[in-house]
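Single-structure report; data block below.
Computed from the coordinates by the stated procedures, all read-outs in this text should not be read as laboratory data. Since this is a predicted model, take the numbers as computed values, not measurements. Every residue, glycine as well, gets a Cβ built from its backbone with ideal geometry; the counts of neighbours run over all protein chains shown.
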Amino acid sequence: PATLTYDTLRFEYEDFPETKEPVWILGRKYSVFTEKEEILLDVTSRLWFTYRKNFPAIGGTGPTSDTGWGCMLRCGQMIFAQALVCRHLGRDWRWIKGKRQMDNYFSVLNAFIDKKDSYYSIHQIAQMGVGEGKSIGQWYGPNTVAQVLKKLATFDTWSSLAVHIAMDNTVVMEEIRRLCQSNFACAGAAACPGVESDVLYNGYPEEAGVRDRLSLWKPLVLLIPLRLGLTEINEAYIETLKHCFMMPQSLGVIGGKPNSAHYFIGYVGEELIYLDPHTTQPAVEPNDSSCLPDESFHCQHPPCRMSIAELDPSIAVGFFCNTEEDFNDWCQQIKKLSLVRGALPMFELVERQPSHFSNPDVLNLTP
């Protein structure tokens, strides 16, 4: 089916395919027949970042618009914004036009506004990318934007995220546990009887403050850059890719068609559902932070769709695990997925770093 451009996108919502196939949006399952409104509300509630023009010059003298080069940076912002929404507002949170939103929502949105001191602004991403060998205004791939976001997240103490980028198609559970438990070094052994969370809650009211203070897990953003074929996606991966959108931990996928990035948030049948950054809007002037004009950050028309077969094979898949239980559950689901017939695993899940990564001598062993 032809991919819809913005010019043709004024179509009615009926154009969502009338199909018995379920619609999956970031770990939620919907029926087109009975839950159309809910699907649209879920999509509209995602933060939508597009090209902007007339923002303060990047680096003081650089570009004032990212049209033509910023699409993957915007997709990186979208997948990361989804992580912040899950962290601070929850997956069930919905944006309703004209309704007064809570302060946390504006704090999330402010982290992405086009100005140099927002945590994840296009200014920060473009300038941090220079360290990754990208000049300002140069196009990024999914891996580069993931690496840059990881660096920027260290300054975001409010969200206090553990960001892990799994390289070489391998997710090492031990590395992730170490990262997520890193800032909870015990103050004296007595304070940590065996680090069992239920022991720590013993005798405490389950209040948020107490929980946060005693929490032994930093919320995890897991990004997995992958190459699913040479020039086009290998069909054997399609089933696995769909399953990623079915997991409650899903943050979606950044990728697209060659040199044209999209943020994929779900699928229906053989089509991916995505938010498209390729429309240029004027930059929003941040006034008083508590009432930022925010309508242009929500896509209020039906989302775009494209055939999965058209996907460029270079992608990054994202997951958010708020608690250690979420992570353990995710690991179980990934292990189960390797048993699904006709689903080729996109990456490997291992308990610890395989010795061949760290020990060059392994190669000299004779069988």
Trypsin sites (Lys or Arg not before Pro) restricted to region 13-48 and DSSP loop, no more than 16 other C-beta within 10 Å: LYS20
Please work out whether region 257-351 counts as rounded, prolate or oblate from its C-alpha gyration tensor, where a ≥ b ≥ c are the square roots of the eigenvalues and a/c under 1.5 means rounded, while otherwise a/b larger than b/c means prolate and anything else oblate? oblate
What the Cα atoms of region 76-193 span along the principal axes, largest first and in whole Å, is 49, 42, 26
Divide, for region 20-137, the radius of gyration over alpha carbons by 2.2 N^0.38 Å, where N is the residue count. 1.23
So who's got an amide H within less than 5 Å of the one on TYR140, skipping anything under 5 residues away but keeping other chains? H placed 1.01 Å off N, in plane. MET72, LEU73
Region 263-317: radius of gyration and largest Cα-Cα distance (Dmax), Å: 15.1, 45
Whole-Hz ³J(HN,Hα) for each residue in region 276-284, computed from phi via Karplus 6.51 cos²θ - 1.76 cosθ + 1.60 with θ = phi - 60°, x for glycine and proline: what do you get? 10, x, 7, 8, 9, 10, x, 4, 8
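If you keep only loop residues by DSSP, which chymotrypsin sites (Phe, Trp or Tyr not before Pro) in region 18-120 have at most 11 other Cβ atoms within 10 Å of their Cβ?
PHE33
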Can you give the Kirkwood hydrodynamic radius for region 126-175, in Å, rounded to one decimal and based on Cα pairs? 12.2 Å
Report the per residue volume, in Å³, of the convex hull enclosing the C-alpha atoms of region 243-289. 125 Å³
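List, in the order given, every pair from LYS115/LYS218; LYS29/LYS335; LYS53/LYS242; LYS29/LYS257; LYS257/LYS335; LYS150/LYS257 whose Cα-Cα distance in the structure shown is over 31 Å.
Values: LYS115/LYS218 28 Å; LYS29/LYS335 21 Å; LYS53/LYS242 35 Å; LYS29/LYS257 26 Å; LYS257/LYS335 29 Å; LYS150/LYS257 24 Å.
Flagged as over cut-off: LYS53/LYS242.
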Summing +1 per Lys or Arg and -1 per Asp or Glu among the other residues with Cβ less than 13 Å from CYS321's Cβ gives 0
Amide H contacts of THR170 (H built 1.01 Å from N, under 5 Å, at least 5 apart or other chain): GLU348
Can you pull out the GluC sites (Glu not before Pro) in region 216-313 whose DSSP state is coil and whose Cβ has at most 16 other Cβ atoms within 10 Å? GLU232, GLU270
Any idea what log10 I(q)/I(0) is at q = 0.23, 0.28, 0.31 Å⁻¹ for region 286-340, Debye with uniform C-alpha scatterers and no solvent? -0.96, -1.06, -1.14
